[in-house]
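Here is the structure we will look at, set down as structure tokens.
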Amino acid sequence: MLISLAVLLLASAVILRLLWQTEHLHKERLGNAHQQYLTAKILLEDGSEESAAQLWKLHWIASQERFSSYTDKKHWPRLSMLYFEQPYQLHNRLELIGGRTENNIAISELHIANSMLLHGLQSVIDELSDNSHAYSRPLKIAALMILPALLLWSLAYHWLVYLPMHRHSILAENELNYAAGELDTLTYSDPLTQTSNRKSITQFLSDFEEHYTHDDSYIALAILDLDYFQQINDVFGYFAGDAVLKEVATRIDTELRDGDQFGRIDSDRFAIVLCDLVAPKNAEQIIDRIQLAIERPLHYKQNTLNVTCTVGATVQLASEIEISDLFKLSDQALLQAKRNRRGSVFLLSDTEQQALSRQRQIINTIKNSSPDDIFDLVYQPIVDLKTRKIASCECLLRWTANEPTDLEASELVPILEMFGDINEVGLWVLKTSMQQLKTWQTELNASELIMSVNLSARQLESEDFAQQITAIARDLDLPPQSVSLELTETVAIKHLEAGRQQLALLKNHGFNVSLDDFGTGYSSLQYLKQIPATSVKIDQSFISELLKDDRDMAIVKAAVDIATAVGLKVIAEGIDTDEQADCLQLLGCQYGQGYLFAKPLSGPEFARQLVCRTPTENGGFQNHTAA
């Protein structure tokens with residue numbers, strides 16, 4: 001609309017400007033002609049020959065030069081008849097009229113004045129005036145026609161084009177705003193329960209962290225999980241499940257205070273943020289109220305549903321809030337609550353939060369360091385119980401980084417498995433230990449020494465694990481039978497399918513396979529048949545009370561008999577006394593490991609132990625396929 005009005009105004013301005021210029025130009029020319037007419041009358045009154053010559057010259061100029069371009073060409077012959085000679089040839093004209101007598105001059109002047117000159121000037125003025133009106137009339141007519149046409153065109157464009165387009169643009173803008181609102185709703189809310197979602201909860205915590213000003217209050221994040229919710233869907237249908245979720249959301253909202261936030265973050269999970277708590281116990285009180293509200297009977301059509309929930313929560317000082325920690329700690333608290341009992345509440349304690357902080361520190365150190373800088377290997381001898389000579393050794397991983405200083409392998413390995421670094425570290429352990437074994441075999445004439453290396457479940461899940469170990473042994477020119485791969489009974493059974501294929505392939509290449517902690521897992525004879533093991537290690541929990549508890553004695557004897565019956569070598573862990581070693585030897589156990597013989601030793605210390613031992617007749621060590 002604005003464009004059409006601008007075009008209309010511009011066209012009108014141009015036309016009006018042309019009309020004004022034309023009128024002004026013709027008025028100027030008429031004024032000039034009239035001035036020349038008055039000048040001619042003055043010259044005629046003078047009556048001299050010189051004045052007559054000037055008069056003729058003036059008339060000639062006025063007619064031939066000034067007015068000829070504004071008069072139609074058809075009038076030029078008539079004007080030239082009046083002035084067929086130049087004005088300065090006045091004497092010739094006078095002679096033609098009647099000579100140069102005074103009488104003739106007076107008669108000529110009178111004739112010119114009355115019948116020719118003034119008449120000619122007046123004619124020119126009249127013609128110029130008529131032509132002025134003639135020239136301006138078409139422009140005025142055109143203006144009167146064009147301006148209304150432009151106005152009509154503008155109005156038609158406005159009604160037929162602009163207004164529909166404007167209405168369409170308004171509708172499109174409204175639809176866009178509606179779609180943006182819907183997208184924002186879907187992004188930050190749960191469409192089923194009309195509550196916040198995980199992203200909205202995270203944003204709420206971020207805003208809280210940014211704008212928080214108090215120093216002495218607490219904030220809690222609770223993860224609420226509905227127990228056996230899938231059974232409701234399976235038995236009563238998904239509509240019943242949706243109704244349960246909506247009702248649970250309503251009950252949670254009823255129990256919360258102003259300023260608290262909650263939302264559905266998973267299929268049957270809700271996150272609840274409790275702000276401005278005076279003490280951690282306040283969070284537990286609110287959670288208890290919510291749990292009681294949810295456990296009230298819920299009616300769906302003709303059915304009464306009893307819904308319970310398990311809650312895990314963590315509480316932090318609001319001034320020390322870390323959003324990622326809140327979710328992680330709450331998830332772990334929920335996991336612990338489920339382990340305790342369905343329908344329970346578990347509030348993560350300060351001690352457990354410190355343990356998680358310690359865990360993060362360990363992970364960061366591992367990810368930012370080379371294994372050579374933070375790990376070391378120690379070696380614990382495994383002896384032949386009959387000869388008490390070193391037959392093999394177990395390679396054990398040790399943490400050498402500055403922080404934390406008291407990290408044990410039992411804590412380290414689960415962290416490595418949880419955060420996915422076990423494969424890299426496990427490969428480093430294999431390479432380093434096998435290189436050390438090759439060095440000892442070459443330099444200390446210990447060709448019969450066997451190195452036992454612990455494996456994790458994650459390593460068994462790697463498809464190229466067997467190829468990696470085989471390649472390391474081949475590169476070192478190390479006999480495969482010098483290496484024993486050790487894994488716990490629980491890991492072997494839990495990953496039976498994947499592990500059995502890998503272990504069978506390794507056994508076919510000549511590697512030994514040992515089941516660690518034998519007797520603490522499922523201890524099924526069927527598993528002993530399926531797992532391609534060459535030896536078993538009886539867990540130290542049975543050895544420590546071997547001489548005091550008849551049940552331990554019976555269990556160890558049964559384990560030794562079963563392993564021997566299926567062709568497996570038996571190693572006992574945790575031997576601390578000679579009496580235990582003697583008893584195990586009488587029960588048929590071939591090899592032993594424990595502080596009675598040696599603690600885990602560094603590489604040089606273990607080498608000295610090897611040198612001090614009396615060699616066998618063939619110059620080597622006792623050979624066995626255990627470990």
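Some points to look at:
- Flag if Ile366 is in a helix (DSSP H, G or I) and either in contact with a Ser or Thr (Cβ under 8 Å, 6 or more places away or on another chain) or closer than 18 Å to Glu411 by Cβ (or both): yes
- Residues of the stretch 304-351 classified as aliphatic (A, V, I, L, M) and over 31 Å from the mean Cα position of the chain (by Cα), total: 5
- Just one of the numbered conditions (1) under 29 Å from the mean Cα position of the chain (by Cα); (2) surrounded by 18 or more Cβ atoms within 10 Å (Cβ to Cβ) is not true of Gly241: (1).
- Qualifying residue in the stretch 275-288 (condition: within 33 Å of the chain's Cα centre (by Cα) and open to solvent by 50 Å² or more (accessible area, probe 1.4 Å)): yes
- Evaluating Glu403 against the criteria (1) touching a strand residue (DSSP E or B) at 6+ places or on another chain (Cβ under 8 Å); (2) over 20 Å from Thr488 (Cβ atoms) leaves one unmet condition, (1).
- Flag set for Thr202, criterion: at pLDDT below 90, buried (at least 16 other Cβ atoms within 10 Å of the Cβ) and polar (S, T, N, Q).
- The residue that is most open to solvent (accessible area, probe 1.4 Å), counting only those in the stretch 406-420 that are under 23 Å from Asp517 (Cβ atoms) and assigned to a loop (DSSP other than H, G, I, E, B), is Glu408.
- Among residues that are aliphatic (A, V, I, L, M), open to solvent by less than 100 Å² (accessible area, probe 1.4 Å), in a loop (DSSP other than H, G, I, E, B) and in contact (Cβ under 8 Å) with a residue 40 or more places away in the chain, Leu192 is included.
- Number of residues in the stretch 309-341 that are in contact with a Phe, Trp or Tyr (Cβ under 8 Å, 6 or more places away or on another chain), under 20 Å from Leu292 (Cβ atoms) and open to solvent by 20 Å² or more (accessible area, probe 1.4 Å): the value is 1.
- The set of residues from the stretch 387-405 being open to solvent by 60 Å² or more (accessible area, probe 1.4 Å), touching a Phe, Trp or Tyr at 6+ places or on another chain (Cβ under 9 Å) and assigned to a loop (DSSP other than H, G, I, E, B) comprises Arg388, Thr400, Thr405.
- Every pair of residues 6+ apart whose Cβ atoms lie under 6 Å, when the first sits in the stretch 453-471 and is outside any helix (DSSP H, G or I) while the second is among the acidic types (Asp, Glu): Asn454/Glu486; Ser456/Glu417
- Within the stretch 534-564, tally of residues that are aliphatic (A, V, I, L, M), farther than 16 Å from Ser514 by Cα and either open to solvent by 20 Å² or more (accessible area, probe 1.4 Å) or in a helix (DSSP H, G or I) (or both): 7
- Residue match in the stretch 210-222 (condition: touching a residue at least 40 places away in the same chain (Cβ under 8 Å), closer than 28 Å to Arg342 by Cβ and surrounded by fewer than 16 Cβ atoms within 10 Å (Cβ to Cβ)): no
The values are calculated or read from the model by the stated rules, or taken from the named source; none is laboratory data. Remember, it's a predicted structure, so these values are computed and weren't measured experimentally. Cβ atoms come from the backbone with ideal geometry, glycine included; neighbour counts cover every protein chain shown. These area figures cover heavy atoms from the full protein model, side chains too; ligands, DNA and RNA do not enter into them. Shrake-Rupley method; radii C 1.70, N 1.55, O 1.52, S 1.80 Å.
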